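The structure appears below as structure tokens.
Read-outs throughout are calculated quantities, based only on the coordinates presented, and are distinct from any laboratory measurement. What you are looking at is a predicted structure, and each value in this text was computed from that prediction instead of being measured. Note that we place each Cβ from the backbone using ideal geometry, even for glycine, and neighbour counts take in every protein chain shown.
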Amino acid sequence: MKRVIQIQLLPSADQATALLATMQRFNAACDWVAERAFERKLANRYALHKLYYYKVRQQFDLLGQMACLTFAQVAAAYKRDRRKKVSFRPLASMPYDRHLLHYRDFKEVSLSTLQGRIVVSMVMGDYQASQLGHVKRYAELVRRRDGKWFLMATVECDDAPPVDPDDFLGIDLGIANLATDSDGQRHSGADVERVRVKCQTLRQRLQSVADLAKNHRARKRIRKKLHRRARKEANFRRNTNHVLSKRLVEQAKDTIRGIALEDLKGIRDSIRFRKPQRARMAGWAFDQLRQFIAYKAQAAGVLVKRVDPKHTSQRCAECGHVERANRLSQSEFCCRRCGHQAHADVNAARNIRARALCQRAYSFGLPTAAAAG
Ligand SMILES: [Zn+2]
């Protein structure tokens, strides 16, 4: 499985200048090639190479390999959409392949620049470090808005072979509780909800100020502020999703269980959620959490089973009785038949687990009654 890890670079001031100049020159060359490719309706890197290699090298004084990569970049951009002329921002990310990049003991990386090779220190987290054994010699050099430098490095690793589990950790995803598992543990969404509300109020206030602002520059400034806010909120969400998905996958792996989730494919949000919840769900990157769980589980060899979501919140996990009135409120569940009481999300998570067990029993030809509960 191919994945991308983020490695921070710590260039000296001189090195940063060299990287910046290289990046700008490279993107200027891409821009130049893109214009010609568009005129000639060419999206083939080899055809572009044939036509423009010497011109690019001459005009932009790029290394041969960098010139080659401009054609690859431009061709890839037009493969996505031929109808529109693409342009390259001066600080757009720049590819580094095995001719231009060498890792040295995973503490430093040697990068080609217009000023020759430079050796830059890298820093990374434990996860990134653990992945470095599988790193490919291909990365994208990124300069973030705050001036920090990163390599988005491609790693390719063999996933742990999936274990065929005897049991599942059922997970119910929601808002009040981002995730509730069938062991009864609830992972609160309170932090996320607080940040979301704060960002939303701020956004609305800024928006109304922007609407009132008479001159163009004031409006532009406010819009910039809004963008920054939105980015911050997205980062916070992403981080929360990473932490939570990691915890859930570890929990399943440590107990040699699979993970069971509701299969929400093909179900419109308008059916999935009651109206007041929809706005909150749109704000909350709900699907991102599911994706993170899926790819972390795959890497860890944990099987993910998707089950039919029908009635998971109305069914009693003890006796199987299905009735809308079983669910007293957002958080309370009380079975009208057997009197079983539980947190509504925990009850739902147990139903999800039971359904995964059922499916498994079915696929092994076992009596499904053994899986109830
Ligand atoms: Zn019951």
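If you stretched the chain out fully between Glu140 and Cys157, how much longer would it get, using 0.36 nm times the residue separation minus the C-alpha to C-alpha distance?
4.3 nm
Net charge near Val109: determine it from the other residues with C-beta under 14 Å of the C-beta of Val109, scoring Lys and Arg +1 and Asp and Glu -1.
Net of charged neighbours comes to +2.
Hey, fewest Cβ within 10 Å first, where do Met152, Met94, Met124 land in order?
Fewest-to-most Cβ neighbours within 10 Å comes out as Met152, Met124, Met94.
Dimensions of the stretch 2-156 along principal axes (Cα, Å, largest first)?
47, 33, 28
Could you tell me the calculated FRET efficiency between Ser110 and Glu39, based on Cβ-Cβ distance and R0 = 41 angstrom, to the nearest 0.05?
Calculated value: 0.65.
Want the number for Ala230 to Tyr127: 0.36 nm per residue separation, take away the alpha-carbon distance, what's left?
Computed gain between Ala230 and Tyr127 is 34.4 nm.
Can you count the Lys pairs in the stretch 2-156 with C-alpha separation below 15 Å, eight or more apart or on different chains?
5
Under a GNM of the chain (C-alpha, springs under 10 Å), which listed residue has the highest mean-square fluctuation: Ala297, Ala348, Ala210?
Ala210
What size of dipole, in debye to the nearest 20, comes out for the chain about its Cα centre when the only charges are +1 on Lys and Arg C-beta atoms and -1 on Asp and Glu C-beta atoms?
Around 2420 debye, computed over the chain.
Can you give the local net charge around Gly184? Use residues other than it whose beta-carbon is closer than 11 angstrom to its beta-carbon, Lys and Arg +1, Asp and Glu -1.
Neighbour charge sum, excluding Gly184 itself: -1.
Would you calculate the separation in nanometres between label points at Gln291 and Arg57, each defined as 7 Å from the Cα along the Cα-to-beta-carbon direction?
Inter-label distance under the simple model: 4.0 nm.
Give me, ordered by chain and number, the residues 5 or more places off Val155 or on other chains with an amide H under 5 Å from its own placed amide H.
Under 5 Å from the amide H of Val155 lie the amide H atoms of Arg3, Val4, Ile5, Lys136, each far enough along the sequence or on another chain.
What is the set of long-range amide H partners of Val304 at a cut-off below 5 Å, with H atoms built 1.01 Å from backbone N?
Ile259
Net charge within 12 Å of Arg98 by Cβ-Cβ distance, Lys/Arg positive one each and Asp/Glu negative one each, not counting Arg98 itself?
That works out to +1.
Would you kindly enumerate the cysteines in the chain that have no other Cys beta-carbon under 4.7 Å from their beta-carbon?
Cys30, Cys68, Cys157, Cys199, Cys334, Cys358
Given R₀ = 25 Å, FRET efficiency for Arg223-Lys84 by Cβ-Cβ distance, to 0.05?
Efficiency for this residue pair is about 0.60.
Over the chain, what lengths in whole Å, largest first, do the semi-axes of the equivalent ellipsoid take, defined as the square roots of 5 times the eigenvalues of the alpha-carbon gyration tensor?
Square roots of five times the eigenvalues give 48, 27, 20 Å.
Calculate the dipole size of the stretch 2-156 relative to its Cα centre from +1 charges on Lys and Arg beta carbons and -1 charges on Asp and Glu beta carbons; express the result in debye to the nearest 20.
780
Skipping prolines and chain starts, which residues have an amide H placed within reach, meaning under 5 Å, of the one on Asp167, given they are 5 or more residues away or on another chain?
Under 5 Å from the amide H of Asp167 lie the amide H atoms of Gly258, each far enough along the sequence or on another chain.
If the cut-off is a Cα-Cα distance under 25 Å, which lysines reach Lys198, setting aside same-chain residues fewer than 8 apart in sequence?
Lys220, Lys224, Lys225, Lys232, Lys275
Helix-derived [θ] at 222 nm for the chain: sum -39500 (n - 2.57) over DSSP H runs of at least 4, divide by residue count, nearest 500? Walk me through the numbers before you get to the answer.
On the way: 10 runs with 177 residues, N = 373.
For the chain, the value works out to -16000 deg cm²/dmol.
Counting other C-beta atoms within 10 Å, and keeping those with at most 15, which DSSP coil trypsin sites (Lys or Arg not before Pro) do you find in the stretch 117-165?
Arg144, Arg145, Lys148
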